[in-house]
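Remarks on the structure that follows.
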Amino acid sequence: MKKKVCIIYNTSKKDAIKFYEVSKEFFENCGIEVQSEIEGSAFVVVIGGDGTLLKASKEIAAHNKFAVAVNMGSLGFLTDIRRIEALQVFEDVLMGNYKLEERHMLEVEVRGQTYV
């Protein structure tokens, strides 16, 4: 069975769109199928900024996947991988050379409505 990766990117940032294409080509050249759905993927690549990662994080967690988050801006607290180092990080992940860093999610109830 062919390994798959899901790539989620900020479609409103030109740099993120360009880097999506670079990333897609990288994975396809490695024999990895690129898809937009998290289900069925080995892991998720998020290209954008902290907001892009936060927006995708609930669904990523629901599918019990890990994310490699690439920062397209100047400062990222959650997306700390810079685009200049991202392809090397992708290669390391594919070779199993990585360490998972767990993050916590808050669940809040306001007026009977639960938010994650």
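The values are calculated or read from the model by the stated rules, or taken from the named source; none is laboratory data. Just so it is clear, the model here is predicted, and its values are computed rather than measured. Every residue, glycine as well, gets a Cβ built from its backbone with ideal geometry; the counts of neighbours run over all protein chains shown.
Some points to look at:
- Scanning the stretch 1-58 for residues that are among the hydroxyl-bearing types (Ser, Thr, Tyr) and either part of a strand (DSSP E or B) or surrounded by 13 or more Cβ atoms within 10 Å (Cβ to Cβ) (or both) yields Tyr9, Tyr20, Ser23, Ser41, Thr52, Ser57.
- Residue in the stretch 62-75 that is touching a residue at least 40 places away in the same chain (Cβ under 8 Å) and part of a helix (DSSP H, G or I) present: no
- Ala61 vs. criteria closer than 29 Å to Thr114 by Cβ, surrounded by 14 or more Cβ atoms within 10 Å (Cβ to Cβ) and in contact with a Ser or Thr (Cβ under 8 Å, 6 or more places away or on another chain): no
Rundown of residues vs (1) modelled with pLDDT under 95; (2) more than 25 Å from Leu54 (Cβ to Cβ); (3) among the aromatic types (Phe, Trp, Tyr); (4) within 12 Å of the chain's Cα centre (by Cα), yes/no style:
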| position | (1), (2), (3), (4) |
| --- | --- |
| Lys3 | yes, yes, no, no |
| Ile7 | no, no, no, yes |
| Asn10 | yes, no, no, yes |
| Lys13 | yes, no, no, no |
| Ile17 | no, no, no, no |
| Lys24 | no, no, no, no |
| Phe27 | no, no, yes, no |
| Glu33 | no, yes, no, no |
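- Search result, residues across the stretch 24-51 that are touching a helix residue (DSSP H, G or I) at 6+ places or on another chain (Cβ under 9 Å) and farther than 16 Å from Phe66 by Cβ: Phe26, Cys30, Glu33, Val34, Gly48, Gly49
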